[in-house]
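All remarks here apply to the structure that follows.
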Amino acid sequence: MSDKKITAFSTFGAERKAKCDHDHALRRSRQTLEEITSEYDRHRVQMSRRSGEALGPETVGGTADCDTHENTLGGLRLSMEVFRASQELTRGSKDKSEPESVAIPDETFVEDDESGIDYIHMWNIEDVVTRLGCNVKSGLTAADREERLKEDGYNMLTPPKTTPMFVKFLICLFGSFSILLWIGALLSLGAYLIPKLAGNAADIGNIYIAIVLTFVVVATGVFTFVQEASSAAVMEGFANMIPQECRVYIDGKMQQVEAKYLVKGDLVEVNQGDKVPADIYLISTKNMKVDHSMLNGESEPLWRCPEKKFTNYMDTQNMAFSGTNVVSGSGTGIVVRCGDFTEMGKIAASASNSEEVQTPIGIEIDRFVKIISIIAIVLGVTFFAFAVIRDNMSGEIKWMTNVLFAIGIVVSNVPEGLLATVTVSLTLTAKRLEKYAVLVKNLESVETLGSCSCIASDKTGTLTQNRMSVSHLWQEGTSLMTVETVTAKECFSGLKTSEAGTAAFAKLMRVATVANKANFDDSDEEKNKMLQSVIGDASETALLRFVSTLPKMAYGDDIASPGLGGSRPPRFESYETIRDRFQIVAEIPFNSTNKYHVVIIDERNSTGKFLNYTVLMKGAPERILARSSKRYTAAGVPEDISKSSSWKSDWKAAYNDMGGRGERVLGFCEQTLDPSRFPEGYNFDTEELNFPIEDMTFCGLMSLQDPPREDVPAAVHDCRTAGVRVFMVTGDHPLTAQSIARQIGIISGESVSAQDLKTSAEGGLIAPENEAQAIVITGAELLAMDVDFLKDVMKRYREIVFARTAPEQKLMIVEAAQSLGLIVGSLGDGTNDAPALRKADIGVSMITGSDVTKEVADCILMTNNFAAIVEGVRQGRLVFENLKKSICYTLTSNIPEIMPFLLFIILGCPISLPTILILCIDIGTDLWPAISIACETAEADIMRRKPRHPTKDRLVSSKLILYAYLQIGVFQALASFACFFGSLMRHGVPLTHMVFNYDYNSPASGKYIPLEILNRAQSAAFFAIIVVQWADVLIVSRRVQSFFQNPSKNGWMYSGMVFECVLALVFIFMPGLSTALSTAPIEFIDCLGGVPYALLIFFYDEVRKLWVRNLPKSWMATYLNY
């Protein structure tokens, strides 16, 4: 088939055909295509009319007719693709000198082994034996296996490339933000070494800065590495997908062999409970079902049958694929694909080859580093040039001094403590998510969850419980009953056997209980029957769990049996007692041909005397109905179906209701055998059928469904409120997917299908003229869409369910959403989900997911709880919000740190804040308050906001820079200068010494300022910044809400304010330390110097917030709200 996405519906084809040339050959091609399409649609309509028919062999659609339709559809799809491919070639030949070639595979034999991988299942057994050189009776010889193993290698998936631990550590040390600090450390070291090597006095403070910056980078790097390494250690504890051992015929003898030693051509046997060790071409099966959920998301176990060959590789029944589970029965087959060449191997390779996407917070941090670097470099170069020009005008250029001050300006722009703040903030959030059972593998992924604007979620095991359960039941004279109605205790508390409905219900429950091969796993100590492990297939497990919840039930002794003359006394017994009493004497197992399960039970009275045999049957409803001539009335009395004119219409209505919900429907019936014809000890022959399975009495209908997780609807609602779109992407049947989507709220109103869509002349989307906001798209329909058309669909419909999708289509969905500018989170547990998880902005795997999926995921839901994702979105938004606040808090102090250098260069003012005190602020007093903001609780509207736009809502925006530098930063600089110059004036320093004094620290200068006075003034300026930072941390804790209306309850923040004040006083007053930091004790008035400015900052921001709240669309509000 051509790589182009070709339309698969008559609506698309009809419109595009009108644009083609009308030459004879193309007309014949179209005519043939229309015939095939018409036949395709006819079979598709018949399939859809059967509602849940394609859900599995036991459903309404599990009939022979369904198999016929599925097989026909498979062949028709291939024919349609070939004809459309030829049309594409005909159209393209005018523009291409070398048109694409279309290879129609030989379904009997494929010459090219690799190109024929998708059609190997169409070979007959003779071709397989010839091609692989194997024996279907004795298997391979030991020598042959050894030779093949040397040639082909182990049956193992090639492990993904891993980054060595030392490289991971270096990445943590030299990330984008860390590089900025390393540059700052090197510049500080240079600022010390340059004058030192030149024989001049060097500022020892620069060495301190270099040492401290190096310590900060190394400490935060180690912190990050340890956190991510701990997550990696958890990942290494997960089990491998490939089974350890399997049963292989070697030299005609069955042997246990480690799975990695399998080779192509091996004859392998798999039984219930096994994992399939390789891709196997089945040659014989016995009631074999496999769980394909790891490969295609299909929640229902699928039948395996050597005779059922469908064109679609994943739909065929004569193949068992590597990594899938055998849930019932057994099979024998020939290994045709090993390791990386298996279906699982292809998916794993696709996942490992998918391009990883940088996290949104990573993009934002890189951008922030660039902004800060540009600001620092521009300021440094600009004022270095200004200083050189000034010196040139004075006649002497002080190159060394100017270089050192330029370095000081650059270093003062570096937020030294911000790396630690970001790292700790992400780590604290990751720890909080662990409480919700979310394991974060990469710290940056924490914020990505909050950025998500679209979540593409698998259905089975993620949105649903991955546990089939009884959903509805129907009997004579009742409306459709839900399991909540049936299992409610009050429905049983007053029941008496004489009451209508009790006996009939007991009859239905007896069939469901006894004609059931599932059993609770005694090794599981779980007391709750709904949670205890069960050995058996999904349908019978659901029935067993259901009957186990019923307190007690009558098995119908009050109903007279033929030939017994009268009724027996009623009994109420548990399901265990009923199973023990009714011994099974013969059984016809369920299979895909008969579509029913029959057991014959031996009925005896309380003294053990034989009464009669009874045939119990369950299966596809139409099969059960066809074999039933009677039905139980509400009173539990058999009555001919023909006597009721409305019964069949009631049956059909109930059946259509269940099937329309996408549920799996089962019918139940029984027949009491005449003991005169079937006496005690009768030898029942289940092959020749020497007993009747016609003229049965219909008991009722029961429907099964993999129910949604209880907290998922609320979680989906929260996502909708938060503006996050939730797509369901599943391999399950469209009806089932749509039913679950409606139950959990993904689809909230009217929906359409892809068949209702049309294309415009330009190839765009023409949607139906209705108000529907939801659409259900199948994998076959998705195949017909190109990426642009799919993007149009995503723009038009907010609620989308993708059903019957293939792994590469999940990847296509993620890429299409990303191309629309959406930040996509992808959830899944199957190997088929891995490529999409890797490509998504954040991939989330279930704890029960495959190893491949967990390897590529960014985080893992340890309890498979979708609701945890909502908390992840909340925490992700909160961490972004708090990081923005922390950055704003940190950047505001940059202005009072930079301005002293600028004023010195421009006006010759003494430096009010030396580099050592800048360091004391950035990685000393500011650190605790900045980190404490990470503990700030969310503002009330955080989950009512739209997801942030990746290119408009930035972590560090121009508005934030404007706010931090030119608003609050200016107030802080004024406070610092006021206290600095005020202290100098109080200690007798004249104004003439405060301007144009470039030699203020030289005793030989006429404007020398004594060091003690200078240090005291610098300490006053330093403490003033601490005071105004109190106001700063309070105002950033609430960006829009008033602090008076919603004061912060963050105890860590208030303790951080006390901490920075105490630490500043220690720096200033502690003997020895004050000498090292060049500080000096200050007066009480100096301590209060910054208070007026702190109040000014606080009330200025309250006015700003008031303006933003009341006039949100005003010009001022736009630029005042960062």
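The values are calculated or read from the model by the stated rules, or taken from the named source; none is laboratory data. Model, not experiment: these values are computed from the prediction. Every residue, glycine as well, gets a Cβ built from its backbone with ideal geometry; the counts of neighbours run over all protein chains shown. With ligands, DNA and RNA removed, areas are computed over all heavy atoms of the protein, side chains included. Shrake-Rupley method; radii C 1.70, N 1.55, O 1.52, S 1.80 Å.
The accessible area of F520, taken with all protein chains in place and a 1.4 Å probe, comes to roughly 30 Å².
The listed residues K618, K952, once ranked by accessible area (1.4 Å probe) with the largest placed first, stand as K952, K618. Shape class for the stretch 327-459, computed from the alpha carbon gyration tensor (a ≥ b ≥ c): prolate, with a/c not under 1.5 and a/b above b/c. When the C-alpha to C-alpha distance is required to be over 21 Å, the pairs from K264/K854; K517/K630; K168/K441 that qualify are K264/K854; K517/K630. Of the residues D674, D521, the one with the largest accessible area comes first in the ranking D674, D521, computed with a 1.4 Å probe on protein heavy atoms. Once the chain from I371 to A385 is taken as fully extended at 0.36 nm per residue, the excess over their C-alpha distance is 2.9 nm. Placing pseudo-labels 7 Å out from each Cα toward the beta carbon at Q1045 and K959 gives an inter-label distance of 1.7 nm.
Starting from the Cα-Cα distance between I1085 and E307, subtract it from 0.36 nm times their residue separation and give me the gain in nm to one decimal.
Contour length minus the Cα-Cα distance gives 270.5 nm.
Normalised by the number of residues in the stretch 1012-1103, the mean separation of alpha-carbon contacts (under 8 Å, six or more apart) gives a relative contact order of 53 percent.
The count of lysine pairs in the stretch 870-1023 that are at least 8 places apart or cross chains, and whose C-alpha atoms lie under 24 Å apart, stands at 7.
How much FRET efficiency would the formula 1/(1 + (r/R0)^6) give for K758 and N683, where r is the Cβ-Cβ distance and R0 is 60 Å, rounded to 0.05?
So the FRET efficiency works out to roughly 0.40.
Please give the FRET efficiency for S819 paired with N594, using the beta carbon to beta carbon distance and R0 = 41 Å, rounded to the nearest 0.05. For R0 = 41 Å, the calculated efficiency reads 0.25. Each peptide in 1094-1103, 738-747 was scored by the mean count of other Cβ atoms within 10 Å over its residues; highest first, the order is 738-747, 1094-1103. Determine which lysines satisfy two conditions relative to K758: a Cα distance under 16 Å, and not lying fewer than 8 residues away in the same chain. Correct list for K758: K5, K17, K19, K791, K795. Ranking of H717, H949, H472 by solvent-accessible surface, largest first: H717, H949, H472 (1.4 Å probe, protein heavy atoms only, all chains present). Among 638-649, 823-834, the peptide with the highest mean count of other Cβ atoms within 10 Å heads the list, and the full ranking is 823-834, 638-649. Please work out the C-alpha center-to-center distance from the stretch 366-384 to the stretch 613-672 and express it in whole Å. If you average the Cα positions of each part, the centres end up 79 Å apart.
Between L1096 and V1058, the FRET efficiency estimated from the beta carbon spacing at R0 = 22 angstrom works out to 0.50. Distance between the 7 Å Cα→Cβ label points at S138 and N1110: 9.7 nm.
Among the listed pairs K1049/K1105; K618/K810; K253/K286, those whose Cα-Cα separation exceeds 27 Å are K618/K810. Probing with 1.4 Å while keeping every protein chain in the model, the per residue accessible area of the stretch 576-638 equals 36 Å². Could you work out what % of the accessible surface of the stretch 564-710 is carbon and sulfur, using a 1.4 angstrom probe and leaving DNA, RNA and ligands out of the count? That share works out to 47 percent.
Residue ranges 438-448, 378-388 sort as 438-448, 378-388 when ordered by packing (mean number of other C-beta atoms within 10 Å per residue, highest first). The alpha carbon gyration tensor of the stretch 917-1047 gives principal lengths a ≥ b ≥ c with a/c of 1.5 or higher and a/b greater than b/c, which makes the shape prolate.
Taking all protein chains as shown and a probe of 1.4 angstrom, I125 keeps an accessible surface of around 50 Å².
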